[in-house]
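All remarks here apply to the structure that follows.
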Amino acid sequence: APTTSCADATDWGYKGKSSKGCDFVAKKPHKYCSKDDGDDWLALNACPVTCGTCECEDSDTWRYKGKSSKGCDYVAKKPSKYCDSEDDDGTTAAEGCPMTCGNCGCQDSVTWTYNGKSSKDCDWVSK
(Lines give C-alpha, C1' and ligand atoms only; values in the text may rest on other atoms or scores of the structure.)
Protein backbone atom coordinates (compact mmCIF):
# COMPACT_ATOMS: atom_id res chain seq x y z
CA ALA A 1 0.00 0.00 0.00
CA PRO A 2 1.35 3.44 -0.85
CA THR A 3 2.12 5.67 2.08
CA THR A 4 1.67 9.39 2.04
CA SER A 5 4.21 11.42 3.91
CA CYS A 6 3.22 14.32 6.03
CA ALA A 7 5.42 17.35 5.54
CA ASP A 8 5.15 21.10 5.83
CA ALA A 9 4.97 22.95 2.51
CA THR A 10 8.03 24.99 1.60
CA ASP A 11 6.11 27.39 -0.63
CA TRP A 12 3.49 28.63 1.86
CA GLY A 13 3.84 32.07 3.47
CA TYR A 14 1.59 33.95 5.89
CA LYS A 15 -0.13 36.67 3.86
CA GLY A 16 2.00 35.55 0.89
CA LYS A 17 5.31 36.50 2.53
CA SER A 18 8.00 33.89 1.88
CA SER A 19 9.79 34.92 5.08
CA LYS A 20 6.75 33.85 7.10
CA GLY A 21 6.47 30.15 6.29
CA CYS A 22 5.78 27.16 8.52
CA ASP A 23 8.81 28.02 10.71
CA PHE A 24 7.08 31.33 11.46
CA VAL A 25 3.80 29.50 12.23
CA ALA A 26 5.69 27.18 14.61
CA LYS A 27 6.54 30.13 16.88
CA LYS A 28 2.84 30.61 17.74
CA PRO A 29 0.82 27.74 16.24
CA HIS A 30 -2.24 28.58 18.36
CA LYS A 31 -2.32 31.98 16.64
CA TYR A 32 -1.17 31.24 13.09
CA CYS A 33 -2.40 27.73 12.19
CA SER A 34 -5.84 29.13 11.33
CA LYS A 35 -4.39 31.88 9.11
CA ASP A 36 -4.02 31.74 5.33
CA ASP A 37 -1.51 32.85 2.74
CA GLY A 38 -3.82 35.54 1.36
CA ASP A 39 -5.15 33.09 -1.23
CA ASP A 40 -7.26 30.86 1.08
CA TRP A 41 -4.50 28.25 1.64
CA LEU A 42 -4.63 27.74 5.41
CA ALA A 43 -1.54 27.01 7.47
CA LEU A 44 -3.51 24.06 8.89
CA ASN A 45 -3.30 22.47 5.45
CA ALA A 46 0.08 23.83 4.34
CA CYS A 47 1.94 23.17 7.62
CA PRO A 48 0.45 19.87 8.88
CA VAL A 49 3.52 18.86 10.91
CA THR A 50 3.68 22.27 12.62
CA CYS A 51 -0.08 22.44 13.21
CA GLY A 52 -0.56 18.78 14.18
CA THR A 53 -2.99 18.01 11.37
CA CYS A 54 -1.20 15.03 9.80
CA GLU A 55 -3.59 12.13 9.28
CA CYS A 56 -6.56 14.43 9.92
CA GLU A 57 -9.02 14.97 7.12
CA ASP A 58 -12.72 15.39 6.55
CA SER A 59 -14.74 12.35 5.51
CA ASP A 60 -15.83 12.02 1.87
CA THR A 61 -18.90 10.08 2.94
CA TRP A 62 -20.35 11.98 5.94
CA ARG A 63 -23.68 13.59 5.00
CA TYR A 64 -26.04 15.69 7.14
CA LYS A 65 -29.16 13.55 7.62
CA GLY A 66 -27.94 11.39 4.72
CA LYS A 67 -28.55 14.16 2.15
CA SER A 68 -26.05 13.86 -0.71
CA SER A 69 -25.64 17.63 -1.08
CA LYS A 70 -24.85 18.20 2.60
CA GLY A 71 -21.32 16.97 3.32
CA CYS A 72 -18.43 18.71 5.06
CA ASP A 73 -18.55 21.56 2.52
CA TYR A 74 -22.08 22.27 3.77
CA VAL A 75 -20.89 22.18 7.40
CA ALA A 76 -18.07 24.59 6.52
CA LYS A 77 -20.61 27.31 5.63
CA LYS A 78 -21.65 27.58 9.31
CA PRO A 79 -19.54 25.27 11.47
CA SER A 80 -20.73 26.82 14.73
CA LYS A 81 -24.25 25.74 13.79
CA TYR A 82 -23.65 22.43 11.97
CA CYS A 83 -20.74 20.70 13.76
CA ASP A 84 -23.16 19.21 16.29
CA SER A 85 -25.40 17.86 13.48
CA GLU A 86 -25.59 14.12 12.86
CA ASP A 87 -25.68 11.88 9.83
CA ASP A 88 -28.00 8.88 9.46
CA ASP A 89 -25.96 6.65 11.79
CA GLY A 90 -25.56 9.24 14.55
CA THR A 91 -22.01 10.35 13.69
CA THR A 92 -21.67 14.07 14.39
CA ALA A 93 -20.15 16.46 11.88
CA ALA A 94 -17.47 17.16 14.49
CA GLU A 95 -16.39 13.51 14.12
CA GLY A 96 -16.97 13.21 10.36
CA CYS A 97 -15.56 16.62 9.44
CA PRO A 98 -12.78 17.14 12.02
CA MET A 99 -10.77 19.59 9.92
CA THR A 100 -13.85 21.73 9.20
CA CYS A 101 -15.00 21.63 12.82
CA GLY A 102 -11.65 22.49 14.41
CA ASN A 103 -10.88 19.08 15.91
CA CYS A 104 -7.43 18.56 14.39
CA GLY A 105 -4.16 19.49 16.00
CA CYS A 106 -3.81 23.05 17.18
CA GLN A 107 -7.13 24.56 16.12
CA ASP A 108 -9.56 26.71 18.04
CA SER A 109 -13.00 25.26 18.55
CA VAL A 110 -15.51 26.59 16.05
CA THR A 111 -18.46 25.87 18.34
CA TRP A 112 -17.25 27.28 21.70
CA THR A 113 -18.65 30.59 22.90
CA TYR A 114 -18.31 32.43 26.20
CA ASN A 115 -21.63 32.26 28.07
CA GLY A 116 -23.34 31.18 24.85
CA LYS A 117 -22.78 34.55 23.17
CA SER A 118 -21.96 34.02 19.48
CA SER A 119 -19.86 37.19 19.32
CA LYS A 120 -17.61 35.91 22.13
CA ASP A 121 -15.77 33.04 20.45
CA CYS A 122 -12.10 32.01 20.36
CA ASP A 123 -11.20 35.04 18.21
CA TRP A 124 -12.77 37.26 20.88
CA VAL A 125 -10.71 35.57 23.62
CA SER A 126 -7.48 36.06 21.68
CA LYS A 127 -7.91 39.85 21.41
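The values are calculated or read from the model by the stated rules, or taken from the named source; none is laboratory data. Quantities reported herein were computed from a predicted structural model and do not represent experimental measurements. Every residue, glycine among them, receives a Cβ derived from its backbone with ideal geometry; neighbour counts consider all protein chains shown. Surface areas here come from the heavy atoms of the whole protein model, side chains and all, with no ligands, DNA or RNA. Shrake-Rupley method; radii C 1.70, N 1.55, O 1.52, S 1.80 Å.
Per-structure values
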quantity	calculated
Pairs, first over 25 Å from Gly71 (Cβ atoms) and touching a residue at least 60 places away in the same chain (Cβ under 8 Å) in region 30-58, second open to solvent by less than 80 Å² (accessible area, probe 1.4 Å) and among the aliphatic types (A, V, I, L, M), C-beta under 9 Å, six or more apart	Lys31/Val25
In region 100-118, the residues that are at pLDDT 75 or above, in a loop (DSSP other than H, G, I, E, B) and either farther than 17 Å from Ser34 by Cβ or open to solvent by 40 Å² or more (accessible area, probe 1.4 Å) (or both)	Asn103
Residues satisfying the stated conditions in region 67-95, i.e. outside any helix (DSSP H, G or I), open to solvent by less than 40 Å² (accessible area, probe 1.4 Å) and not polar (S, T, N, Q)	Gly71, Cys83, Asp87, Gly90
Conditions (1) under 22 Å from Glu57 (Cβ atoms); (2) among the hydroxyl-bearing types (Ser, Thr, Tyr); (3) more than 16 Å from the chain's Cα centre (by Cα): number failed by Ser34	(3)
Of residues in region 27-61 being open to solvent by 80 Å² or more (accessible area, probe 1.4 Å) and part of a loop (DSSP other than H, G, I, E, B), the one nearest to Ala9 (Cα to Cα)	Trp41
